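For reference, the structure discussed in these notes is given below.
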Amino acid sequence: DQGEVSATPQLFDVEYLAPVQIGTPPQTLNLNFDTGSSDLWVFSSETPQQSRGGQKIFEIEKSSSAQRLANNTWAISYGDGSRSSGNVYLDVVSVGGVNVFNQAVESATSVSSSFISDAASSGLLGLAFDKLNTVKPSKQKTFITNALESLELGVFTANLKKSEPGNYNFGFIDETEFTGPLNYVDVDSSDGFWAFQATGYSVEGASGNGTGSPVVPIAHNAIADTGTTLLLLPAGINQAYYRQVKGAKEDPQAGGWTVPCKADLPDLTLHIGSYKAVIPGELILFAPIDTDDIKTAKTCFGGMQSSAGMPFAIYGDVFFKAQFTVFDVENGKLAFAPK
Ligand SMILES: O=C(CN1CCCCC1)Nc1ccc2c(c1)OCO2
């Protein structure tokens, strides 16, 4: 079995949503596929009206195959402080035609403000390791764990794009989505994340004139997290990079590094083992912060920010816009390639 779903960016690429069919007859909800967590949760008929902000909900009572997982609840909190919680059902879930029966579908009875105000997202589909699932007393499996035995290849891939739909594939690797060989790296899933070791970075001159800085070996532990918008890296990498951008500054008022919106940003090369992952400078130009009109905005938020204070660096959507990524569940590996 194999499947493909579109991954549609929301405003300023803050998140990517993909369609998921739940229940009988199928109800399609757009969910945030998150390789940084392991709960599949949805806004539902159990979500209080006051906690809804226009999201499409999963109408449990309209699914003839929904079964309550009695005496089980869930509660999750994310790195940005957002959180949700509720009850648990088992139902059929399909992604791009890949069907899982008896998938734990976690129904939200409580959601925090950032979820309420995100009208487009009906919830999350977690793609990290089962160890992170929050259902108690019986921890549940993720969609990918449950789908694994039916997949042609025990993998899923991420191919996100700047300001246009990309896709997630399940069960196959589409060679047309990347160039050159795949570069496999070891994964340490002991904490439940897609964690790997990055060995350093270098900053190419904006004009790509090969005046790249020597590789600076700031090795760091990192996770591959499609649920996080930006690239969160050690402070030293941020300083070395933004120091090359005229007008860049670390502005606590703005919440981090900002750059002039018309800056010509240098490429950032992240060294992962012997692999050089190039992040084009234009992907490090993120949302305008002084107006909503990027054409007139003067100051933009940087697409790379500091991971200071966090247990690891976070390779978020900015990274996946530059690099085709294979999440090899079968072998517990990641693979990267330019596209
Ligand atoms: O919280 C997330 C991602 N999260 C995914 C589910 C929806 C809400 C956002 N990322 C994140 C991870 C670490 C952080 C952070 C944010 O802010 C500070 O540290």
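The values are calculated or read from the model by the stated rules, or taken from the named source; none is laboratory data. Because the structure is a prediction, the values reported are computed rather than measured. In this analysis, Cβ positions are derived from the backbone assuming ideal geometry, glycine residues included, and neighbour counts consider all displayed protein chains. Please note that ligands, DNA and RNA were not included when accessible areas were found on the heavy atoms of the full protein model with its side chains. Shrake-Rupley method; radii C 1.70, N 1.55, O 1.52, S 1.80 Å.
When both the stretch 218-257 and the stretch 61-131 are represented by their alpha-carbon centers, they are found 31 Å apart.
Taking amide H as placed 1.01 Å from N in the peptide plane, Leu265 has no amide H partner under 5 Å among residues 5 or more places away or on another chain.
Among Ser114, Ser306, Ser44, the residue with the largest mean-square fluctuation in a Gaussian network model of the chain, with springs joining Cα atoms closer than 10 Å, is Ser114.
Tell me the per residue accessible area of the stretch 145-272 using a 1.4 Å probe; a whole number in Å² is fine.
That works out to 45 Å² per residue.
Inter-label distance, Ala75 to Ala120: 3.1 nm, where each label sits 7 Å from its Cα along the C-beta direction. Taking the accessible area of the chain, probe 1.4 Å, and keeping the other protein chains in place, the carbon and sulfur fraction comes to 51%.
Under the simplified labelling scheme, the Ser138-Met310 pair shows an inter-label distance of 3.5 nm, with each label point 7 Å from Cα along Cα→Cβ.
The relative contact order of the stretch 1-156 comes to 30 percent, based on Cα pairs under 8 Å that sit 6 or more residues apart. Divided by 2.2 N^0.38 Å, where N counts the residues, the Cα radius of gyration of the stretch 94-141 comes to 1.33. Alpha-carbon geometry of the chain: the Rg and the Dmax are 20.0, 63 Å, given in that order.
Between the amide H of Lys339 and those of Thr179, Phe324, distances stay under 5 Å, these residues lying 5 or more places away or on another chain, with hydrogens modeled in the peptide plane. Note on Ser163 and Ser64: the model spin-label points, each 7 Å out from Cα along the C-beta direction, lie 4.7 nm apart. On a per residue basis, the convex hull of the C-alpha atoms belonging to the stretch 1-127 measures out at 101 Å³. Based on alpha carbons, the Rg and Dmax found for the stretch 167-248 are 15.9, 45 Å. Of all DSSP-defined beta bridges confined to the stretch 186-339, some 85% are antiparallel rather than parallel.
Rounded, prolate or oblate for the stretch 1-70? Axes are the square roots of the Cα gyration tensor eigenvalues, ordered a ≥ b ≥ c, and the cut-off for rounded is a/c under 1.5. Note, shape of the stretch 1-70 comes out oblate.
Relative contact order for the chain using alpha-carbon pairs under 8 Å, separation at least 6, rounded to a whole percent? Can you show the working numbers first?
Values: 893 pairs, mean separation 62.5, N = 339.
Here the relative contact order equals 18 percent.
What is the stretch 126-219's relative contact order, in percent, from Cα pairs under 8 angstrom and six or more apart in sequence?
On the way: 101 pairs, mean separation 18.6, N = 94.
Once normalised by length, the contact order is 20 percent.
The accessible-area ordering, largest first, of the residues Asp267, Asp13 stands as Asp267, Asp13, per a 1.4 angstrom probe.
Pull up the DSSP beta bridges for the chain and report the antiparallel fraction as a percent, rounded to 5.
Numbers: 80 of 92 bridges.
Taking every DSSP beta bridge with both residues in the chain, the antiparallel ones total about 85 percent.
Classify the stretch 95-188 as rounded, prolate or oblate from the Cα gyration tensor: take a ≥ b ≥ c as the square roots of its eigenvalues, call it rounded if a/c is under 1.5, otherwise prolate when a/b beats b/c and oblate if not.
In terms of gyration-tensor shape, oblate.
Net charge in the neighbourhood of Leu31 (other residues with Cβ under 13 Å of its Cβ; Lys, Arg +1, Asp, Glu -1) is -4.
Net length available on complete extension from Lys249 to Glu177 is 22.4 nm, with 0.36 nm assigned per residue and the Cα-Cα distance removed. Computed over protein heavy atoms with a 1.4 Å probe, the accessible surface of the stretch 300-339 works out to 26 Å² per residue.
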